[in-house]
Amino acid sequence: MARDPIDRLRGEMEELFADLWQVPRFTRRRGGFRPQIDCYRTERPPALTVVVELGGIDPSRIRIYADERTLVVSGERRRPRSAGRMYQQMEIDYGLFTRQVALAADVDVSGSKATYKRGILTIVLPLATKPTASDLERVTIPIGRGR
């Protein structure tokens, strides 16, 4: 019977520490944010696709770099300026961001494409058939507007 309060306390402590390590709680203190990312592989065509949630960001403020095993997406979401604003609540994160994704396979960075539509950045990185010297260089991926 004495174990029940100890088990409950241990569970509450584990929950507290799990909450503390959630990234958004720490990024707000730095003035930035951490966009959410999905990354998946397709066989036809053989490619890795990375989807980044970037609502409210001007695509011209987004930079994408890739090499054979790493993708870096960085940019800035600026808080709109308006005289006389008195916030009642502030939950939207603004500021600089950088996300680095370790890719699970070698990719052909020269054939990579990115589109931005309705706040969603989609980057398609074709899988490399065989690594070449040009694949080892860091390449900037331009962003096209989605339809």
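Just checking, does region 110-132 include any residue being among the charged types (D, E, K, R), closer than 14 Å to Arg69 by Cβ and surrounded by 13 or more Cβ atoms within 10 Å (Cβ to Cβ)?
Pass one, region 110-132, residues among the charged types (D, E, K, R): 113, 117-118, 130.
Retained after the next criterion (residues that are closer than 14 Å to Arg69 by Cβ): none.
Checked region 110-132: no residue is among the charged types (D, E, K, R), closer than 14 Å to Arg69 by Cβ and surrounded by 13 or more Cβ atoms within 10 Å (Cβ to Cβ).
Scanning region 70-95 for residues that are closer than 25 Å to Ala114 by Cα, part of a loop (DSSP other than H, G, I, E, B) and without any contact (Cβ under 8 Å) to a residue 24 or more places away in the chain returns Arg78, Arg79. Within region 32-82, the set of residues being within 15 Å of Asp93 (Cβ to Cβ), open to solvent by 70 Å² or more (accessible area, probe 1.4 Å) and within 12 Å of the chain's Cα centre (by Cα) comprises Arg34, Gln36, Glu53.
Residues in region 96-115 that are touching a Ser or Thr at 6+ places or on another chain (Cβ under 8 Å) and assigned to a strand (DSSP E or B): Leu96, Phe97, Thr98, Arg99, Gln100, Val101, Ala102, Ala114, Thr115.
The values are calculated or read from the model by the stated rules, or taken from the named source; none is laboratory data. Every value quoted in this text rests on a predicted model; they were computed, and no experiment measured them. Every residue, glycine as well, gets a Cβ built from its backbone with ideal geometry; the counts of neighbours run over all protein chains shown. Quick note on the areas: whole protein, heavy atoms, side chains included, nothing else; ligands and nucleic acids left out. Shrake-Rupley method; radii C 1.70, N 1.55, O 1.52, S 1.80 Å.
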